[in-house]
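Quick notes on the structure that follows.
The values are calculated or read from the model by the stated rules, or taken from the named source; none is laboratory data. The structure displayed is predicted, hence computed values, not measured ones. Cβ sites come from the backbone with ideal geometry, for glycine too, and all protein chains shown count toward neighbours.
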Amino acid sequence: MFTEMVKRFVFLLLLLVGVSAFALRLKPNSYYVCYVTKVSDGDTIHCRFPYPVSDKVKSYPVRLIGIDTPETGVRKKNTGKQAVEIEKIIKGSYGINKEITKREVVSLGLEAKRFTEKLLQRVYVVTLETDVRPYDRYGRVLGYIWLPDGKMLNEEIICNGYALP
């Protein structure tokens, strides 16, 4: 019983320490080179940062600032909320009452993920620009991603209709 309490305490402590426990040191309003390792969904990728920013050779989640793509899972918290938002957009833009299911939101989310993967298909190195806050409350890196051709990934996803600002 006591050891279980200690385990829980250590877990909560590590959770609270967050990013600092992983020795990732990014400054506000700065630029960093990072290596794209995977795409989690339409608005989150994973990057590996070279030394001296990170002591660990691991991949960190990067949440793209200023965009929101549909969720990729029916059971995710925001899926229902996003369905309502999409319904409002359809009503406002086309004057049509259309009920959007969580499955349809997930379908749109998977399309957004595929689009982001396509944009990053042959890209290995990108430039990450941090904003005023380099991390969110979940410990993810927050950033604008600049592609080698000078385009901003965040903007490309919005302009092609896969995300809301």
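Listed by first and then second residue, the pairs linking a residue in segment 43-71 that is under 11 Å from Leu142 (Cα atoms) and in contact (Cβ under 8 Å) with a residue 12 or more places away in the chain to a residue that is among the hydroxyl-bearing types (Ser, Thr, Tyr) and part of a loop (DSSP other than H, G, I, E, B), with Cβ atoms under 7 Å apart and 6 or more places separating them unless they lie on different chains, are Asp43/Thr69. For segment 59-93, the tally of residues that are touching a Ser or Thr at 6+ places or on another chain (Cβ under 6 Å) and among the aliphatic types (A, V, I, L, M) stands at 0.
Residues considered: Pro70, Pro52, Pro61. Of these, the only one that is surrounded by 13 or more Cβ atoms within 10 Å (Cβ to Cβ) and either modelled with pLDDT under 95 or in a strand (DSSP E or B) (or both) is Pro61.
Would you check if there is a residue in segment 13-24 being modelled with pLDDT of 55 or more, under 19 Å from the mean Cα position of the chain (by Cα) and either basic (Lys, Arg) or surrounded by 13 or more Cβ atoms within 10 Å (Cβ to Cβ) (or both)? Looking through segment 13-24, at least one residue is modelled with pLDDT of 55 or more, under 19 Å from the mean Cα position of the chain (by Cα) and either basic (Lys, Arg) or surrounded by 13 or more Cβ atoms within 10 Å (Cβ to Cβ) (or both). When we screen Val132, Val126 for residues that are surrounded by 17 or more Cβ atoms within 10 Å (Cβ to Cβ) and on the phi < 0 side of the Ramachandran plot, the only hit is Val126.
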